[in-house]
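Visitor: Before I ask anything, here is the structure I am working with.
The values are calculated or read from the model by the stated rules, or taken from the named source; none is laboratory data. Worth saying up front: this structure is predicted, and the values here are computed from it rather than measured. Quick reminder, even Gly has a Cβ in these numbers, built from the backbone with ideal geometry, and neighbours come from all protein chains shown.
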Amino acid sequence: MRVNGKWYFHCLIPALLLLALCGCGKSAESAEHSFFALDTYITMQATGPDAEAVLMAAEEQMQARERQWSVTNPDSEIYAINHSDGNMVEISLDTAKLIQFALDMSAQTDGALDPTIYPVLTAWGFTTGSYQVPDQDTIDELLSAVDYRNIHLKDSSVTIEDGVQIDLGAVAKGYIGDEVADLLREQGVTSALINLGGNVQTIGTKPDGSLWRIGVRNPFADGNLGVLQVEDMAVVTSGGYERYFTDEAGNTYWHIIDPKTGYPADSGLVSVTVAASEGKRCDALSTALFVMGPEQAADYWRSCGDFEMLLVLADGDIWLTDGLNNTFTLSEKDTNREVTVIRHETK
Ligand code: AMP
Ligand code: MG
């Protein structure tokens, strides 16, 4: 064997490096974990070193967020804000960031998203399950305090005005999905799917390199309307079918409220799916665009365009943005639906 300087470089050093990597690094494993939290059934699957332990840490993180952000838990920060009688409340930096995000999105959507809608939701019974149609006087009175500008956030203290109560249910799951995806990535996970009851967050592709297939629920019947194929993206749906009740006259009322009327959003949409890199943006937008309706949603998309969306209209038609045209496949039984592609206007 010839021993010279080159030998060291070409053989010994790479061999030592390989040994070091094998010794310290752990080989990738795949794991799955499901549990109930945040008022929904959560499923996760991940591939990476120590994937099982990482998913346990992810559950802990989500349970902690639920304790912090639940609107009904007397120990939560949101509960403390809602029972502050106009006094300033010190909150954690994480909660301040979530509220700031919700306020930014409320302003950007001209109040279609509004975290102060909570008392109106309560009047409809959506927070308790004791559903009822409130009378107009009750709605008018409650609406007078609904305005995201009644939340005053400064650094990590918040004050809300008289009669105001907040609920971050329209954005929190997306926000938490982003946090968990970051946690998984930091721990070396290269492939994962996190599903928080319709709020889906993906990391990379499936372990075999193919795209993740995300079903878009059919709002009119059981099963999926179609499938979106994505990688490294969040996909979030807001649908009227998720929580609703029907009165004696057969009218249906769902849980997404138009802050301008105090009534369930009657915008011509039955579901909105948003795909983008950040789950929190998808979550905020899916709720807000549901309130806006198809025309305004299309204008909004044209004005920012940093997300893609699929709208299901009350008549069963589908509108989807350009970027989803080759990503979305209709289920076989739905291929007769009319699909319109929303594009940027060409001048
Ligand atoms: P999502 O499932 O993300 O669309 O959020 C719906 C939840 O957000 C509802 O269950 C309510 O708790 C709350 N919500 C309903 N309407 C609004 C609205 N216009 N702005 C903010 N939150 C809302
Ligand atoms: Mg939402």
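Visitor: Here are some residues: Ala314, Ala276, Ala284. Which one is within 13 Å of ligand 2 (Cβ to nearest atom), at pLDDT 95 or above and out of contact with any Cys (no Cβ under 8 Å at 6 or more places or on another chain)?
Guide: On inspection, the qualifying residue turns out to be Ala284.
Visitor: May I pose another question? So which residues in the range 198-210 are surrounded by fewer than 16 Cβ atoms within 10 Å (Cβ to Cβ) and touching a Ser or Thr at 6+ places or on another chain (Cβ under 6 Å), if there are any at all?
Guide: Scanning the range 198-210 gives a single hit, Pro207.
Visitor: Tally the residues that are within 30 Å of Asp232 (Cα to Cα) and in a loop (DSSP other than H, G, I, E, B), restricting the search to the range 157-179.
Guide: Going through the range 157-179 one residue at a time, the tally reaches 5.
Visitor: Also, quick follow-up: If we keep just the residues of the range 82-120 that are more than 20 Å from the chain's Cα centre (by Cα) and within 15 Å of ligand 1 (Cβ to nearest atom), which is surrounded by the fewest Cβ atoms within 10 Å (Cβ to Cβ)?
Guide: Out of the qualifying residues, it is Asn82.
Visitor: Checking Val189 against (1) part of a loop (DSSP other than H, G, I, E, B); (2) within 22 Å of the chain's Cα centre (by Cα); (3) within 14 Å of ligand 1 (Cβ to nearest atom), which single condition isn't satisfied?
Guide: It is condition (3) that Val189 fails.
Visitor: Does the range 240-252 contain any residue that is over 22 Å from Leu103 (Cα atoms), at pLDDT below 95 and in contact with a helix residue (DSSP H, G or I) (Cβ under 9 Å, 6 or more places away or on another chain)?
Guide: yes
Visitor: I'd like the residue in the range 224-247 that is in a loop (DSSP other than H, G, I, E, B) and surrounded by fewer than 20 Cβ atoms within 10 Å (Cβ to Cβ) and, out of all such residues, is nearest to ligand 2 (Cβ to nearest atom).
Guide: Only one residue fits best here, namely Glu242.
Visitor: Which one is farthest from ligand 2 (Cβ to nearest atom) among residues in the range 139-189 that are polar (S, T, N, Q) and crowded, with 16+ Cβ neighbours inside 10 Å?
Guide: The residue in question is Gln187.
Visitor: Kindly check whether there is at least one residue in the range 299-309 that is more than 23 Å from the chain's Cα centre (by Cα) and either of a type in the set (Asp, Glu) or at pLDDT below 95 (or both).
Guide: Scanning the range 299-309 turns up no residue that is more than 23 Å from the chain's Cα centre (by Cα) and either of a type in the set (Asp, Glu) or at pLDDT below 95 (or both).
Visitor: Would you say Tyr79 is away from ligand 2 (no atom under 16 Å from the Cβ), free of Cβ contacts under 8 Å to residues at least 12 places away in the same chain and of a type in the set (Phe, Trp, Tyr)?
Guide: yes
Visitor: Give Ala221, Ala284 a once-over and let me know the one that is farther than 29 Å from Asp135 by Cβ, more than 16 Å from ligand 1 (Cβ to nearest atom) and either buried (at least 20 other Cβ atoms within 10 Å of the Cβ) or not polar (S, T, N, Q) (or both).
Guide: Ala221
Visitor: Follow-up. Quick one: what pairs do we get from the range 53-65, first residue more than 15 Å from Leu193 (Cα to Cα), second charged (D, E, K, R) and at pLDDT 95 or above, C-beta under 7 Å, 6+ apart or different chains?
Guide: These pairs meet every condition: Gln61/Glu179.
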